[in-house]
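Visitor: My structure is below; once you've seen it, I'll send some questions.
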Amino acid sequence: MTILENYELAKQAYNKWGVDVDEAINTLKKVAISIHCWQGDDINGFEVNPSELSGGIDVTGNYPGKATSPKELRQDLEKALSLIPGKHRVNLHSIYAETDGVVVDRDQLLPKHFENWVEWAKKQGIGLDFNPTLFSHPKAEEGLTLSHPNREIRQFWINHCIACRKIGEYFGKELSTPALTNIWIPDGYKDIPSDRLTPRVRLKDSLDQIFADAVDEKYNLDAVESKVFGIGSESYVVGSHEFYIGYALKNNKLCLLDTGHYHPTETVSNKISSLLLYSEKIALHVSRPVRWDSDHVVILDDELREIALEIVRNEALNRVIIGLDFFDASINRVAAWIIGTRNMLKALLYALLTPNDYLRQLQEDGNFTERLALYEEFKTYPFGAVWDYYCEQMGVPIKENWLEEIKLYEKEVLLKR
């Protein structure tokens, strides 16, 4: 059978439950995933005098072909974007600035250092998001930045974050779509602290100073991101979930939830509806923790589907900013982008094809038997036929056929680096 014939049969199956498949596809077309640039070069960046990767972050693997220049990284991103259905975004860290060989410390970064990225984004017709980089730097060697007891070090990082918000604003103005500028810091202690409050007082004060600098929210959205622990901060992290959720709600900032930044028994999907009650928007970094925040490539697992269901069933596609955050150097890095992003989109399509209103009513009626039965049966409905049709409509390869292009790209481009 043809893709169209399979699609028509799938529509019949879903229509039985009141699911408008064409509408689901049209909705998915409008979703933009923010794809993280740092998967392409193992979070090295392009600073003139780069520091060792730090901040409780680790990248494992040495698969050949990683990007070693901005030009190569943009080339790889273009290839990935060409094999992912839809129009998406790219998320940058400040270490991806281009300073023409001149040493520019992070507190001195300016929009001009990202002009090449903006011109490239214009040609691609995509938006850019941004992150200050508060790791892999001599002033972050002690594992403390915005909460550091040394006022001068704190001020350096405050100035860096202020500069980054202005760069995010620049992105928004130039690309006619607001940038999300997200602050994550590695601050914490390896062993049990004798004072948990004081570092958080300093962090709050630092954030207050950062956000006091006027930036137009029409062009830049501010987010803060928590973490439960990292290498070197196993016992205490200053910017905990409780700290940032309180700060975000009180100061009208976006709370960013990273799926790898919680205890193994916690799920981000269970937090989304609660935050949406009190926040106009929230943000996600979707990753796959295996043992801790190990940032494996996103797969279509139960939690990813549940995250997508929470967004869709609560009509929050315009309120939840979805970004990815994983880094795997053990496989082809471009393929990792494609696998992860396509899976995020698959999860959203799966959610859009679920009769959420009917299942909700079953719960309200106390009909838990039918709810569970249908919830499970829909896992084997012809979702794949709809996905194939969507990919064909968007002009990208269906099923695993994109792999052939990546194999050729690896042979002709990546292995020659």
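The values are calculated or read from the model by the stated rules, or taken from the named source; none is laboratory data. Predicted model only: the values in this text are computed from it and were never measured. Positions of Cβ are backbone-derived with ideal geometry, glycine not excepted, and every protein chain shown enters the neighbour counts.
Visitor: Kindly list the number of the only condition in (1) part of a loop (DSSP other than H, G, I, E, B); (2) under 24 Å from residue 115 (Cα atoms); (3) among the charged types (D, E, K, R) that fails for residue 174.
Guide: So the condition that residue 174 fails would be (1).
Visitor: Among what's in the stretch 225-281 and is under 18 Å from residue 200 (Cβ atoms) and among the basic types (Lys, Arg), pick the residue that is surrounded by the fewest Cβ atoms within 10 Å (Cβ to Cβ).
Guide: Restricting to residues being under 18 Å from residue 200 (Cβ atoms) and among the basic types (Lys, Arg), the top hit is 250.
Visitor: Answer yes or no as to whether residue 101 is among the small types (Gly, Ala, Ser), under 26 Å from residue 159 (Cβ atoms) and either touching a residue at least 12 places away in the same chain (Cβ under 8 Å) or in a loop (DSSP other than H, G, I, E, B) (or both).
Guide: On the way: among the small types (Gly, Ala, Ser): yes; under 26 Å from residue 159 (Cβ atoms): yes; either touching a residue at least 12 places away in the same chain (Cβ under 8 Å) or in a loop (DSSP other than H, G, I, E, B) (or both): yes.
Yes.
Visitor: Can you tell me which condition residue 352 does not meet? The list is (1) buried (at least 20 other Cβ atoms within 10 Å of the Cβ); (2) modelled with pLDDT of 95 or more; (3) out of contact with any Ser or Thr (no Cβ under 8 Å at 6 or more places or on another chain), and all the others hold.
Guide: Here residue 352 clears every test but (3).
Visitor: From (1) surrounded by 12 or more Cβ atoms within 10 Å (Cβ to Cβ); (2) closer than 30 Å to residue 134 by Cα; (3) out of contact with any Phe, Trp or Tyr (no Cβ under 6 Å at 6 or more places or on another chain), pick out the condition that doesn't hold for residue 6.
Guide: Result: residue 6 passes all but (2).
Visitor: Something else: Can you say whether residue 76 is acidic (Asp, Glu) and loosely packed, with under 15 Cβ neighbours inside 10 Å, as far as the supplied structure shows?
Guide: Details: acidic (Asp, Glu): yes; loosely packed, with under 15 Cβ neighbours inside 10 Å: no.
Considered against the rule, which asks whether it is acidic (Asp, Glu) and loosely packed, with under 15 Cβ neighbours inside 10 Å, residue 76 comes out as no.
Visitor: Determine which member of the set 365, 328, 357 is crowded, with 20+ Cβ neighbours inside 10 Å, out of contact with any Phe, Trp or Tyr (no Cβ under 8 Å at 6 or more places or on another chain) and not β-branched (Val, Ile, Thr).
Guide: Values: 365 fails: crowded, with 20+ Cβ neighbours inside 10 Å; 357 fails: crowded, with 20+ Cβ neighbours inside 10 Å.
From the options 365, 328, 357, the qualifying one is 328.
Visitor: Still on this structure: Taking residue 287, is it hydroxyl-bearing (Ser, Thr, Tyr), touching a residue at least 24 places away in the same chain (Cβ under 8 Å), surrounded by 23 or more Cβ atoms within 10 Å (Cβ to Cβ) and touching a Ser or Thr at 6+ places or on another chain (Cβ under 9 Å)?
Guide: yes
Visitor: Give 283, 308, 316 a once-over and let me know the one that is in a strand (DSSP E or B) and of a type in the set (Gly, Ala, Ser).
Guide: Answer to the selection: 283.
Visitor: Considering (1) more than 24 Å from the chain's Cα centre (by Cα); (2) free of Cβ contacts under 8 Å to residues at least 40 places away in the same chain, say which one residue 385 fails and leave the rest.
Guide: Condition (2) is where residue 385 drops out.
Visitor: Hey, residue 257 hits all of (1) within 30 Å of residue 403 (Cβ to Cβ); (2) within 13 Å of the chain's Cα centre (by Cα) but one; which does it fall short on?
Guide: Failing condition for residue 257: (1).
Visitor: Of the residues 75, 12, which is farther than 30 Å from residue 189 by Cβ, touching a residue at least 12 places away in the same chain (Cβ under 8 Å), outside any loop (DSSP other than H, G, I, E, B) and not β-branched (Val, Ile, Thr)? Working first, answer last.
Guide: Details: 12 fails: touching a residue at least 12 places away in the same chain (Cβ under 8 Å).
After ruling out the rest, the residue left standing is 75.
Visitor: Only one residue in 36, 88, 93 is out of contact with any His (no Cβ under 9 Å at 6 or more places or on another chain), modelled with pLDDT of 95 or more and surrounded by 15 or more Cβ atoms within 10 Å (Cβ to Cβ), so which one is that?
Guide: Exactly one residue qualifies, and that residue is 88.
Visitor: Looking at the stretch 164-193 only, could you name the residues that are surrounded by fewer than 21 Cβ atoms within 10 Å (Cβ to Cβ) and within 17 Å of residue 216 (Cβ to Cβ)? Walk me through it before giving the result.
Guide: Step one: list which residues in the stretch 164-193 are surrounded by fewer than 21 Cβ atoms within 10 Å (Cβ to Cβ), which gives 166, 173-178, 189-193.
Across the stretch 164-193, the qualifying residues are 166, 173, 174, 175, 176, 177, 178.
Visitor: When you check residue 300 against the structure, is it at pLDDT 95 or above and farther than 22 Å from residue 91 by Cβ, yes or no? Let's see the steps before the verdict.
Guide: On the way: at pLDDT 95 or above: yes; farther than 22 Å from residue 91 by Cβ: no.
The answer is no for residue 300.
Visitor: Somewhere in the stretch 96-105, is a residue modelled with pLDDT of 95 or more and of a type in the set (Ser, Thr, Tyr)?
Guide: So far as the stretch 96-105 goes, yes, one or more of its residues are modelled with pLDDT of 95 or more and of a type in the set (Ser, Thr, Tyr).
Visitor: Looking only at the stretch 184-229, filter to residues that are part of a loop (DSSP other than H, G, I, E, B) and among the acidic types (Asp, Glu); which one of those is modelled with the lowest pLDDT? Outline the logic, then answer.
Guide: Filtering the stretch 184-229 down to residues part of a loop (DSSP other than H, G, I, E, B) leaves 184-187, 190-196, 213-219, 226-229.
Filter again for among the acidic types (Asp, Glu), leaving 187, 191, 195, 213, 216-217.
Values: 187: 95, 191: 94, 195: 96, 213: 86, 216: 93, 217: 93.
Going through the qualifying residues, I end up with 213.
Visitor: Against the conditions (1) outside any helix (DSSP H, G or I); (2) touching a Leu at 6+ places or on another chain (Cβ under 6 Å); (3) within 28 Å of residue 312 (Cβ to Cβ); (4) among the aliphatic types (A, V, I, L, M), where does residue 67 fall short? Just the number, please.
Guide: (3)
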